[in-house]
Amino acid sequence: MSTQTSKQDPIHSMVSWLRSKKPEIATIDPDDNLLEKGLLDSLQFVNFLFFVEQVRGAPIPAEQVVPKNFSTLRTIERAFFGAA
């Protein structure tokens, strides 16, 4: 997948990444809580953060790495990809 495609649809890119790590999860909704649904644990979060930065094409400032910005794929999209 190209970076341009990823920037156009970051949720699709993040779902693909999560599915590659958790194939046993049947569905991933953009509004699922990533921790409560078991999609990420604290160690996977670091790798996921690096992936989001790669898709975004820019680093995420440390002060923005807070739970409210990473609770769901939709909140990540709003916080870091400019989605309304």
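Laboratory data are not the source of any read-out in this text; all were calculated from the coordinates shown. The structure presented is a predicted model; accordingly, all values stated were derived computationally and were not measured. As a convention, Cβ positions derive from the backbone with ideal geometry for all residues, glycine included, and neighbour counts pool all protein chains shown.
Annotations
- Sites excluded, GluC sites (Glu not before Pro) in DSSP loops with at most 11 other C-beta within 10 Å, longest stretch of the chain: 37-84
- Residue-count net charge about residue 73 - beta-carbon cut-off 9 Å; Lys, Arg +1, Asp, Glu -1: -3
- The chain, dipole about Cα centre (Lys/Arg Cβ +1, Asp/Glu Cβ -1), debye to the nearest 20: 140
- When the chain is described by a simple charge dipole with +1 on each Lys and Arg Cβ and -1 on each Asp and Glu Cβ, the residue from 34, 18, 60 located farthest towards its positive end is 60.
- Other residues within the sphere of radius under 12 Å centred on the Cβ of residue 25, judged by their own Cβ, net out at +1 (K and R +1, D and E -1).
- Relative contact order [Cα under 8 Å, 6+ residues apart], the chain, whole percent: 39
- Cα-based Lys proximity count in the chain, under 21 Å, for pairs eight or more positions apart or on separate chains: 4
- In the calculated pair-distance distribution of the chain, the portion above 15 angstrom amounts to 53 percent of the Cα-Cα pairs.
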